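The values are calculated or read from the model by the stated rules, or taken from the named source; none is laboratory data. Owing to the predicted nature of the structure, the values given are computational and were not obtained by experimental measurement. Neighbour counts run over all protein chains shown; Cβ positions are idealised from the backbone, glycine included.
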Amino acid sequence: MPVASSQFPAEAGRKVVVVAALEREVQPAVKHWSRCERECGGRRLKFFEREDAALICGGIGGKAAGAATEAAIALYHPELVISAGFAGALAPTLAVGEWVLPALVVDAADGSRYETDIRKTRLEKTASRHLVLVSVDGVVNPERKAVLFRSYAAQAVDMEAAAVAKVARSHGVQFLALKTVSDESGFEMPPVERFIQPDGALDVWGLVAYAGPRFWLWPRLMTLTRNSSLASGALCSWLEDGVLWQSLVSPLLRGEVAST
């Protein structure tokens, strides 16, 4: 597929940068955005741009997400960085497709805590103000989810948000996390982690080939595929819907604090 040149030069900057892991998570929302690829730190990263925002697909995991965030901030000089993507439920009450807009992100690797800027938005009075997202360095099973739920009083888990938050804060840039649930607390993930490449890409065909003769994995893969589609739809509703987008980002860009 040919790579389109961006109609908006990066040098012009973007007020908002969205950092996602994989294109398939956000593809429905960015299909009409301008697409380009750039070399950043020895990696070829995929960017999607529109006049007010840019989205970078940085790959799975904290290392990939942190490097992508550094690259995006250097390119676009944003006022706000959003870590967007899928999360696993830790709270049994969270269902596939639900939104998670945490007030706090915790890095399980070292205990670092990053408050998000959700309190400044029009969503400050919602349940989101109490949510905690914990970032880990690998795919977790239900037993590990239960431990994280108890240890951090967290409702959801991901692999990228803490790394994005760390880079954003180091540059003095505002930060939000916007996640949708792709797997419930009791869901046993198929062996996805062994197919995550060093650059954060997912070897989908390798996973399919591995699962082919292992028929006992098929139900879990089919469930994960269905759940991922639901999570992607919910995530993209924020990126596509002007009202939702403005409720989240406009107060931050204008420097307005939501009224109490």
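Per-residue answers, yes or no, for (1) over 21 Å from LEU101 (Cα atoms); (2) of a type outside the set (S, T, N, Q); (3) modelled with pLDDT under 90:
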{"residue": "ALA168", "(1), (2), (3)": "no, yes, no"}
{"residue": "LEU176", "(1), (2), (3)": "no, yes, no"}
{"residue": "ASP183", "(1), (2), (3)": "no, yes, no"}
{"residue": "PHE195", "(1), (2), (3)": "yes, yes, yes"}
{"residue": "ASN227", "(1), (2), (3)": "no, no, no"}
With the structure loaded, tell me whether TRP205 is among the aromatic types (Phe, Trp, Tyr), in contact (Cβ under 8 Å) with a residue 40 or more places away in the chain and either surrounded by 12 or more Cβ atoms within 10 Å (Cβ to Cβ) or farther than 15 Å from TRP99 by Cβ (or both) or whether it fails that test. no
With criteria (1) at pLDDT below 85; (2) exposed (fewer than 15 other Cβ atoms within 10 Å of the Cβ), ARG214 comes up short on (1)
Which ones in the stretch 20-42 are surrounded by 20 or more Cβ atoms within 10 Å (Cβ to Cβ), in contact with a strand residue (DSSP E or B) (Cβ under 6 Å, 6 or more places away or on another chain), of a type in the set (Gly, Ala, Ser) and outside any loop (DSSP other than H, G, I, E, B)? ALA20
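Filter the stretch 88-102 for residues that are farther than 17 Å from LEU148 by Cα and in a loop (DSSP other than H, G, I, E, B); which is farthest from the chain's Cα centre (by Cα)? It would help to see each step written out before you state the result.
Let us first name the residues in the stretch 88-102 that are farther than 17 Å from LEU148 by Cα, namely 95-99, 101.
The next check asks that each one be in a loop (DSSP other than H, G, I, E, B); those that pass are 95-98, 101.
Working: ALA95: 17, VAL96: 15, GLY97: 14, GLU98: 14, LEU101: 11 Å.
Taking the candidates together, the pick is ALA95.
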When you go through (1) crowded, with 22+ Cβ neighbours inside 10 Å; (2) in contact with a helix residue (DSSP H, G or I) (Cβ under 9 Å, 6 or more places away or on another chain); (3) not hydroxyl-bearing (Ser, Thr, Tyr) one by one for ALA71, which number turns out not to apply? (2)
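What's the total number of residues in the stretch 218-234 that are in contact (Cβ under 8 Å) with a residue 60 or more places away in the chain and either surrounded by fewer than 16 Cβ atoms within 10 Å (Cβ to Cβ) or among the hydroxyl-bearing types (Ser, Thr, Tyr) (or both)? So that I can check it myself, show each step before the final result.
Taking the stretch 218-234 and keeping what is in contact (Cβ under 8 Å) with a residue 60 or more places away in the chain, we get 227-228, 230-234.
Still in the list and also either surrounded by fewer than 16 Cβ atoms within 10 Å (Cβ to Cβ) or among the hydroxyl-bearing types (Ser, Thr, Tyr) (or both): 228, 232-233.
Here the count works out to 3.
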Check SER237 against each of (1) surrounded by fewer than 18 Cβ atoms within 10 Å (Cβ to Cβ); (2) farther than 12 Å from GLU98 by Cα and name the one condition it does not meet. (2)
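Let me confirm something: among VAL139, VAL134, VAL157, which residue is assigned to a loop (DSSP other than H, G, I, E, B), surrounded by 15 or more Cβ atoms within 10 Å (Cβ to Cβ) and among the hydrophobic types (A, V, I, L, M, F, W, C)?
Values: VAL134 fails: assigned to a loop (DSSP other than H, G, I, E, B); VAL157 fails: assigned to a loop (DSSP other than H, G, I, E, B).
Result: VAL139 is the single residue among VAL139, VAL134, VAL157 that is assigned to a loop (DSSP other than H, G, I, E, B), surrounded by 15 or more Cβ atoms within 10 Å (Cβ to Cβ) and among the hydrophobic types (A, V, I, L, M, F, W, C).
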